[in-house]
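The values are calculated or read from the model by the stated rules, or taken from the named source; none is laboratory data. Computed from a predicted model, the values in this text were never measured in an experiment. In this analysis, Cβ positions are derived from the backbone assuming ideal geometry, glycine residues included, and neighbour counts consider all displayed protein chains. Ligands, DNA and RNA are stripped out before the accessible areas are found, and what is left, the full protein with its side chains, is counted by its heavy atoms. Shrake-Rupley method; radii C 1.70, N 1.55, O 1.52, S 1.80 Å.
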Amino acid sequence: MHLIPEDYGMLHFQRAALDPRDFWHQVAASFGERTGTDLFIGRHAFGILAAMKLAEIKVDYVVVDTLRVPRETFAAILEAWRDGYAESIGELTPISRESAVAYFNQMIANIRDPLGYAVWMVPVVSARVP
């Protein structure tokens, strides 16, 4: 089996006026709690599969960053999240819609900055059913 158990604690951006670490830790925890989802599931995937007694468990990563992926492609991902989730973030987390938009816009600017660096490490987990 192959899984892509995303983990929103594995997004890293340069800090500026806003600290993206605060955004991702607060939003992912609050949003996940309010929606009954674990937005940090990627770090738990190995243990979950091991407890199921699956064999040959491997954890690899797709690295989405400003060196491996076109900046506009990476920026478009964040734009889609901003446009699709800012309203819900404002409703379900302590961060207002306006603040969510500001955080996303800063992260998008970081990605588009030719001197900027940002990375999203996406876990890819595989295992075999014995």
For this session: Look through segment 77-130, keep the residues that are polar (S, T, N, Q) and in a helix (DSSP H, G or I), and return whichever of them is nearest to residue 20 (Cα to Cα).
Result: 106
Problem set entry | Qualifying position, being open to solvent by less than 30 Å² (accessible area, probe 1.4 Å) and of a type in the set (D, E, K, R), among 38, 65 | 65
Exercise. List the pairs whose first member sits in segment 100-111 and is under 11 Å from residue 76 (Cα atoms) and among the basic types (Lys, Arg), whose second member is assigned to a helix (DSSP H, G or I) and modelled with pLDDT of 95 or more, and whose Cβ atoms are under 6 Å apart, counting only residues at least 6 apart or on separate chains?
Worked result: none
For this session: Report, by residue number, each residue of segment 1-56 that is among the aromatic types (Phe, Trp, Tyr), farther than 18 Å from residue 124 by Cα and either touching a strand residue (DSSP E or B) at 6+ places or on another chain (Cβ under 7 Å) or outside any loop (DSSP other than H, G, I, E, B) (or both).
Result: 23, 24, 31
For this session: For residue 58, indicate whether it is surrounded by fewer than 16 Cβ atoms within 10 Å (Cβ to Cβ), modelled with pLDDT of 95 or more and farther than 20 Å from residue 6 by Cα.
Result: no
Exercise. Looking at segment 72-101, which of its residues are open to solvent by less than 60 Å² (accessible area, probe 1.4 Å) and not small (Gly, Ala, Ser)?
Worked result: 74, 77, 78, 79, 81, 82, 89, 92, 93, 95, 101
For this session: Would you check which residues across segment 87-130 are in contact with a strand residue (DSSP E or B) (Cβ under 7 Å, 6 or more places away or on another chain) and under 20 Å from residue 42 (Cβ atoms) and list them?
Result: 118, 119, 120, 121, 122, 123, 124, 125, 126, 127, 128
Problem set entry | Check on residue 51, without any contact (Cβ under 8 Å) to a residue 40 or more places away in the chain and open to solvent by less than 70 Å² (accessible area, probe 1.4 Å) | no
For this session: Could you check how many residues of segment 102-123 are under 16 Å from the mean Cα position of the chain (by Cα), open to solvent by 40 Å² or more (accessible area, probe 1.4 Å) and within 29 Å of residue 34 (Cα to Cα)?
Result: 2
For this session: Under 8 Å between Cβ atoms, at least 6 apart or on separate chains: pull out the pairs that start in segment 68-88 with a residue that is within 16 Å of residue 112 (Cβ to Cβ) and end on any residue that is open to solvent by 40 Å² or more (accessible area, probe 1.4 Å) and basic (Lys, Arg).
Result: 71/112; 72/112; 75/112
